[in-house]
1. Could you identify the single residue in Gly461, Gly446 that is closer than 18 Å to Gly212 by Cβ and either aliphatic (A, V, I, L, M) or assigned by TED's automatic domain parsing to the domain that holds Arg88 (or both)?
2. Does the range 329-364 hold any residues that are over 28 Å from the mean Cα position of the chain (by Cα), under 23 Å from Gly305 (Cβ atoms) and of a type outside the set (A, V, I, L, M, F, W, C), and which are they?
3. Give me a count of the residues in the range 14-30 that are assigned to a strand (DSSP E or B) and either among the hydroxyl-bearing types (Ser, Thr, Tyr) or under 20 Å from Glu457 (Cα atoms) (or both).
4. Tally time: how many residues in the range 115-132 are of a type in the set (Val, Ile, Thr) and either buried (at least 24 other Cβ atoms within 10 Å of the Cβ) or closer than 19 Å to Glu85 by Cβ (or both)?
5. Report, ordered by the first and then the second residue, all pairs with beta carbons closer than 7 Å, sequence separation of six or more or different chains, a first member in the range 371-398 that is modelled with pLDDT of 95 or more, and a second member that is aromatic (Phe, Trp, Tyr).
6. Filter the range 243-283 for residues that are farther than 23 Å from Glu130 by Cα, assigned to a loop (DSSP other than H, G, I, E, B) and free of Cβ contacts under 8 Å to residues at least 40 places away in the same chain and give the result.
Amino acid sequence: MALDIDVIIVGAGNAGMSAAHAARESGARVLVADAAPIEWAGGNSYFTAGAFRTAHPGLPGVESILDGIDRARLDRTRLEPYTAEQYRADLSRVTDGRADPLLARLLTEESWPTIEWLRRVGLRFRLMYERQAYSSGDIEQFWGGLAIGTVDGGKGLVTQHTGAASGNGVAIVHAHRLVGLERSDGDGVRLAFETPHGVKRFAAHAAVLAAGGFEADRGRRGAHLGDQWRAAKVRGTPYNTGGPLDLLLKIGAARHGEWNGCHATQWDRNAPEHGDRVLTNRYTKQSYPLGIVVNLRGGRFIDEGEDFRNFTYAKFGRAVIEQPSSIAFQIFDAKTVPLLRAEEYAAPGASRFEARTIGELAAACGIDPRGLTTTIECFNSAVIDRPFNPALKDGKAAAGIEPPKSNWAQPIDTPPFVAYGVTAGITFTFGGVRIDQDAAVLDEDGRRIPGIFAAGELVGGLFYGNYPGGSGLTAGSVFGRRAGRAAADREARLK
């Protein structure tokens, strides 16, 4: 079969498009093929807030990548440097030291150079004040090591990637589902795609698979994560069903990472079964450190103030799915409601309940009234007398109860009381294939599978049990860039 293309990228999300930019910059002819129809373009990336966790020099160094600077606001902004060492320490801490050392080093050390490269490619970045900063007097203080995101969030990220790639000569096709993948020790790789017009076959010098995990497939979720995950809501695209991952395993790719683990958040109970292209990330409910989270029995089951939200939200969704009926409620009072992130808690159709008493709130939610009343009475009695400051770990704890609340504990005693119903929204799965420093896919003996590279959510080994917020998009771009360059280099050597 004649070679139709130099490098073919499977998946048109952030990781795939990063690979496409890098391969095209290296002079390769590039085709991006995505399983979804064009109306679902962008994969899971479209449904994100566009947040990129990256090492950075702090202000004013970050200004170089920002779009549409508001000088007056920037002058009252506090954004301290976040080093690659700090990033790697955060990644190690939240994954209990299990993150693949090579991948962790590359992710953290190359995060800022990759952001600068994406800016040159055509992405537009801003500071995420509404998500990652709290005001203290005239100062806007960023917290938790995450500050930078794309203009217009995930929607903007996809639009900017697509515009830059198309303008640079990258071909993009949709409704092309990968159904065949052949390794070749000769001059290239062969791929087959199911399309509305029948099966199409391509040959290329190299292929980069960046087509996501298996989170949108109910059967695979049940088999790998547990039966309760069959009922989980899917935060993003319905097209990440694990087919390309299975094809990689079929040709000998080594499994890597936590195959029974995933990223999941507290997700509005009223959300649809799959991502909503209009509201996208607004179904998430991530102001829980300001209140308490209870199950239908009225009992707490997490330390809501264990750490900054950036370091706990990806695991607390999994805690929710373990509760009766996989349901929980975030509860706030009149003191904390004004601090809730409006883009999430004021979203249309939010599962919101309000009452003048705790008993009335329990009845409205379907929570056991006695259980909730007892929980809140015990919690209020356990809150220590210390200043409250949501921009730092303030040590304002609810102590002597189980579980404790380590920070940001305030008595829930001022009506009206408000609750939001949540369930688990799965974002992506942690299990995948093993890659090396060039994002080449490795077999069980640690040898490269010729011509096959991978990036994004189908790469395993980086996240275990938990995840530092904003790392998914950054990892997709860091390893997508490496994959694209290496794929183009192979193409050049084979010509």
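The values are calculated or read from the model by the stated rules, or taken from the named source; none is laboratory data. Everything numeric here is computed off the predicted structure, so don't read it as measured data. Cβ atoms come from the backbone with ideal geometry, glycine included; neighbour counts cover every protein chain shown.
1. Gly461
2. Answer for the range 329-364, where residues must be over 28 Å from the mean Cα position of the chain (by Cα), under 23 Å from Gly305 (Cβ atoms) and of a type outside the set (A, V, I, L, M, F, W, C): Asp333, Lys335.
3. 0
4. Total satisfying the criteria: 1.
5. Phe388/Trp408; Asp394/Phe388; Asp394/Trp408; Lys396/Phe388; Lys396/Trp408; Ala398/Phe379
6. The one that is farther than 23 Å from Glu130 by Cα, assigned to a loop (DSSP other than H, G, I, E, B) and free of Cβ contacts under 8 Å to residues at least 40 places away in the same chain: Pro272.
Conditions (1) touching a Pro at 6+ places or on another chain (Cβ under 6 Å); (2) exposed (fewer than 13 other Cβ atoms within 10 Å of the Cβ), marked per residue:
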position: Arg78; (1), (2): no, no
position: Pro81; (1), (2): yes, yes
position: Asp96; (1), (2): no, yes
position: Ala99; (1), (2): no, no
position: Ala104; (1), (2): no, no
position: Pro113; (1), (2): no, no
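For every residue, the table says whether it meets (1) touching a residue at least 40 places away in the same chain (Cβ under 8 Å); (2) within 19 Å of the chain's Cα centre (by Cα); (3) under 18 Å from Glu63 (Cβ atoms).
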| position | (1), (2), (3) |
| --- | --- |
| Ala84 | no, no, no |
| Gly122 | yes, no, no |
| Met128 | yes, yes, yes |
| Glu140 | yes, no, yes |
